[in-house]
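Undergrad: Following this message is one structure expressed as structure tokens.
Laboratory data are not the source of any read-out in this text; all were calculated from the coordinates shown. From a predicted model like this one, the values you see are computed outputs, not experimental measurements. Counting neighbours? That spans all protein chains shown, and the Cβs are built from the backbone with ideal geometry, glycine included.
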Amino acid sequence: MKIPMLDLSEQYQTLKNEMLTALDQVMSSSHFILGDNVKKLEADVAAYSHVQHGIGVANGSDAIHIALQAAGVKSGDEVITTPFTFFATGGSIVRAGATPVYIDIDPVTFNLDPKKIEAAITEKTKAIIPVHLYGQTADMEEICAIADKHQLAVIGDAAQAIGAKHKGKTVAEYGTAATYSFFPTKNLGAYGDAGMVVTNDDQVAENSRVIRVHGSKPKYYHHVLGYNSRLDEMQAAVLNVKFPHLDKWSELRRERAAIYTHLLNEQLGDLVKTPVEKEGNYHVFHQYTIRVEKRDELQAFLKEQGVQTMIYYPLPLHVQPVFKDLGYKEGDMPESEKAAKEALSLPMFPELKQEQQEYVVAKIAEFFKK
Ligand SMILES: *Cc1c(COP(=O)(O)O)cnc(C)c1O
């Protein structure tokens, strides 16, 4: 058997006719940038997120950068975040002119540990970026309470967590704004790059809309420095076709996750740590990530057996070469560094079959018997 991390082909076959019609309509209309498809997607995703505004942008990385700038983060400011995330979280802070301040994670959820926030706050701190890693929300109630006390903005990086909930609320209902990525591999994926800022804050929404078109307002007059970061009609049309299926896909991901957890606990017991859904969370399992010792050997063995796995992420941001001037060193974030050595993401997508999952778990069991 050959089992890929992600297979988008079945999804396309199911939606093909609708997809081709939607794309044909865009091409026939000759309206390619910020048109009706983008407006519809923005309205639908904002309503889905229980907030007033959705601002479609070019990708999820720009969404973070734009939300930070729209919330007033500027050169010289500090932004607290997790080092155990995709590069874009930290990169966007630097692109906004600010300095990332990394704090360690909670090893159970892999998300930023709220207990470490207050010690990292200085008079330069302007914002916190919690990342809802693998599809599980960070402890937003606790994080937002600290942010309110210190008057900090909270920009939730929800690139992996559209549809996730914390205590019944969406990721966008907490803090200043949340950002989504519609990169093809994400839970709601375009056929190219796309992203969105979602917020209840009228000013942040207005600022984001201006920044994504070169800071132009009125047209050809520039009071702020923006850039070109628009969501195009072709990607919005693709996303409009997929969006009505999102909740069903999240449910299927959760079912796949429950099957993995059941099989792994039954066959491997303590040898494998399965993901923990914290009470009050609705995890959307962008990734199904286990923790194991001898992770690299297990990954190599599974590869030989036809099972593709991924390591998200092998090197935490505080020790990335590009951030060396920030002055962190190996040992500063022990939980993130340990997670980077133990985390292994297994194949996960809504169309994954139970027999494929049984094969993956049987091969993991075989590895540990050797
Ligand atoms: C994918 C991702 C991003 C970046 O999104 P792009 O659309 O690829 O720019 C940012 N943060 C996290 C956690 C991500 O997984």
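Undergrad: Once amide H atoms are built 1.01 Å from N in the peptide plane, which residues 5 or more positions from N281, or in another chain, come under 5 Å H to H?
TA: Long-range HN contacts for N281: K167.
Undergrad: PRE reach from H245 (point 7 Å along Cα→Cβ): which of segment 2-27 fall under 14 Å by backbone N?
TA: 7-22
Undergrad: If you don't mind, another one. From zero outward in steps of 10 Å, how is the percent of C-alpha pairs of segment 15-69 spread across the bins?
TA: In order of increasing distance, the bins hold 21, 41, 32, 7 percent.
Undergrad: Ok, one more. Roughly how big is segment 10-244's charge dipole about its Cα centre, with Cβ charges of +1 (Lys, Arg) and -1 (Asp, Glu), in debye to the nearest 20?
TA: My answer is approximately 380 debye.
Undergrad: Once you charge only the Cβ atoms, +1 for Lys and Arg and -1 for Asp and Glu, what is the size of the charge dipole of segment 245-369 about its Cα centre, to the nearest 20 debye?
TA: With Lys and Arg at +1 and Asp and Glu at -1, about 140 debye.
Undergrad: Related question: Can you tell me, using C-alpha contacts under 8 Å and at least 6 residues apart, the relative contact order of the chain as a whole percent?
TA: Once normalised by length, the contact order is 22 percent.
Undergrad: Moving on. Residues with amide H under 5 Å of A190's amide H, sequence separation 5 or more or different chain, H placed in the peptide plane at 1.01 Å from N; which?
TA: Distant-sequence amide H within range of A190: F183.
Undergrad: Among DSSP bridges having both ends in the chain, what percentage is antiparallel? Round to the nearest 5.
TA: Taking every DSSP beta bridge with both residues in the chain, the antiparallel ones total about 60 percent.
Undergrad: Another question, if that's okay. Is the chain rounded, prolate or oblate when judged by the Cα gyration tensor, a ≥ b ≥ c being the square roots of its eigenvalues, rounded requiring a/c under 1.5 and prolate requiring a/b larger than b/c?
TA: Verdict is oblate for the chain.
Undergrad: Using the per-residue mean of other Cβ atoms lying within 10 Å as a proxy for protection, in what order, highest first, do the peptides 222-235, 335-348, 113-126 fall?
TA: 335-348, 222-235, 113-126
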